[in-house]
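S.K.: Could you have a look at this structure, given as structure tokens, before my questions?
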Amino acid sequence: MTTRPLRLALIVASTRQGRFGEAVGRWAACLARDRPEYAIDVIDLADLALPADLSGSADVRDFAERIGAADAFLIVTCEYNHGYPASLKLAVDSVREEWAAKPVGFVCYGGVAGGLRAVEQLRQIFAELHAVTMRDTVSFHFPHTRIAPDGRVDDPAIAESAETAARTLFDRLAWWGTALRDARSALPYAPVT
């Protein structure tokens, strides 16, 4: 069994002007950094220029390398109109084999549904890419009233509940990340077609 930290790519999905994803991403990254089993790579899709034509772009190559190097993923996503943001779909579709045989967890946020409808759609997409999605999810309902821009959750009850859910999610990601990393080392996963 390997002992090096799992490379966790934390992807902040929203790219909209005035988005709230940065605050939720900061919250998730802060908790992830407290976990010794992870080495964190925060990938903010707002910092990339992923073109509609995905062939040959330097940002696409860089993104593919970072996704390929990751052992596990934590996607911080909002819910727009009962779905996930187009920026995330473009990013996911810009690479393929790099997602295979790796675990994906979600921290979501939105209105009444707290982003959970977006996550349900993403589970279908990641199944097609041969990734393993975690059942346990962290969900924030109406986060603008619950999370400060710097990622702090001021309400102690909400903070405790969210941190408990995050601990479970990080535990599951670590288990699956370690198991799948060891399995890929022992027997490479067949290319996704």
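The values are calculated or read from the model by the stated rules, or taken from the named source; none is laboratory data. The structure displayed is predicted, hence computed values, not measured ones. Every residue, glycine among them, receives a Cβ derived from its backbone with ideal geometry; neighbour counts consider all protein chains shown.
S.K.: Quick check on my filter: what residues within the range 19-37 are closer than 17 Å to Phe140 by Cβ and part of a loop (DSSP other than H, G, I, E, B)?
M.R.: Arg19, Phe20
S.K.: Turning to a different aspect of this structure: Does the range 139-156 contain any residue that is buried (at least 21 other Cβ atoms within 10 Å of the Cβ), closer than 25 Å to Arg4 by Cα, in contact with a helix residue (DSSP H, G or I) (Cβ under 8 Å, 6 or more places away or on another chain) and not small (Gly, Ala, Ser)?
M.R.: Quick first cut of the range 139-156, residues buried (at least 21 other Cβ atoms within 10 Å of the Cβ) only: 140, 143, 147.
Going one step further and asking which of them are closer than 25 Å to Arg4 by Cα, we end up with none.
Among the residues of the range 139-156, not one is buried (at least 21 other Cβ atoms within 10 Å of the Cβ), closer than 25 Å to Arg4 by Cα, in contact with a helix residue (DSSP H, G or I) (Cβ under 8 Å, 6 or more places away or on another chain) and not small (Gly, Ala, Ser), which makes the answer no.
S.K.: Now, a different point. Scan the range 171-192 residue by residue and report those that are without any contact (Cβ under 8 Å) to a residue 60 or more places away in the chain and farther than 18 Å from Gly105 by Cβ. Outline the logic, then answer.
M.R.: Keep residues of the range 171-192 that are without any contact (Cβ under 8 Å) to a residue 60 or more places away in the chain, which gives 171, 175, 179, 186-188, 190.
Matches in the range 171-192: Ala186, Leu187, Pro188, Ala190.
S.K.: List the pairs whose first member sits in the range 1-27 and is basic (Lys, Arg), whose second member is buried (at least 16 other Cβ atoms within 10 Å of the Cβ) and in a loop (DSSP other than H, G, I, E, B), and whose Cβ atoms are under 9 Å apart, counting only residues at least 6 apart or on separate chains?
M.R.: Qualifying pairs under 9 Å: Arg7/Ala70; Arg7/Asp71; Arg16/Pro85; Arg19/Pro85; Arg26/Gly151.
S.K.: With the requirement that a residue be at pLDDT 95 or above and part of a loop (DSSP other than H, G, I, E, B), what does the range 38-78 give you?
M.R.: Ala70, Asp71
S.K.: While we're on this one: Restricting to the range 59-104, what's the tally of residues that are under 18 Å from Arg7 (Cβ atoms) and touching a Lys or Arg at 6+ places or on another chain (Cβ under 7 Å)?
M.R.: The qualifying residues number 6.
S.K.: Right, here's the next one. Go through the range 157-193 and report how many residues are in a helix (DSSP H, G or I), over 16 Å from Ile75 (Cα atoms) and of a type in the set (Ser, Thr, Tyr).
M.R.: Result for the range 157-193: 4.
S.K.: Kindly indicate whether any position in the range 111-129 is closer than 18 Å to Asp71 by Cα, modelled with pLDDT of 95 or more and part of a loop (DSSP other than H, G, I, E, B).
M.R.: yes
S.K.: Is it fair to say Arg117 is without any contact (Cβ under 8 Å) to a residue 60 or more places away in the chain and of a type outside the set (A, V, I, L, M, F, W, C)?
M.R.: Details: without any contact (Cβ under 8 Å) to a residue 60 or more places away in the chain: yes; of a type outside the set (A, V, I, L, M, F, W, C): yes.
Criteria met by Arg117.
S.K.: Suppose the filter is part of a loop (DSSP other than H, G, I, E, B), polar (S, T, N, Q), modelled with pLDDT of 90 or more and over 28 Å from Ser185 (Cα atoms); does Ser87 pass it? Please lay out each step first, then the result.
M.R.: On the way: part of a loop (DSSP other than H, G, I, E, B): no; polar (S, T, N, Q): yes; modelled with pLDDT of 90 or more: yes; over 28 Å from Ser185 (Cα atoms): yes.
Taking the combined requirement at face value, the residue does not satisfy it.
S.K.: State which residue pairs qualify: first residue under 16 Å from Gly21 (Cα atoms) and touching a residue at least 60 places away in the same chain (Cβ under 8 Å) and inside the range 82-111, second residue of a type in the set (Asp, Glu) and buried (at least 18 other Cβ atoms within 10 Å of the Cβ) in any location, beta carbons under 9 Å apart, and separation of 6 or more residues or different chains.
M.R.: Once the first residue is under 16 Å from Gly21 (Cα atoms) and touching a residue at least 60 places away in the same chain (Cβ under 8 Å) and sits in the range 82-111, its partners that are of a type in the set (Asp, Glu) and buried (at least 18 other Cβ atoms within 10 Å of the Cβ) give Pro85/Glu79; Tyr109/Glu79.
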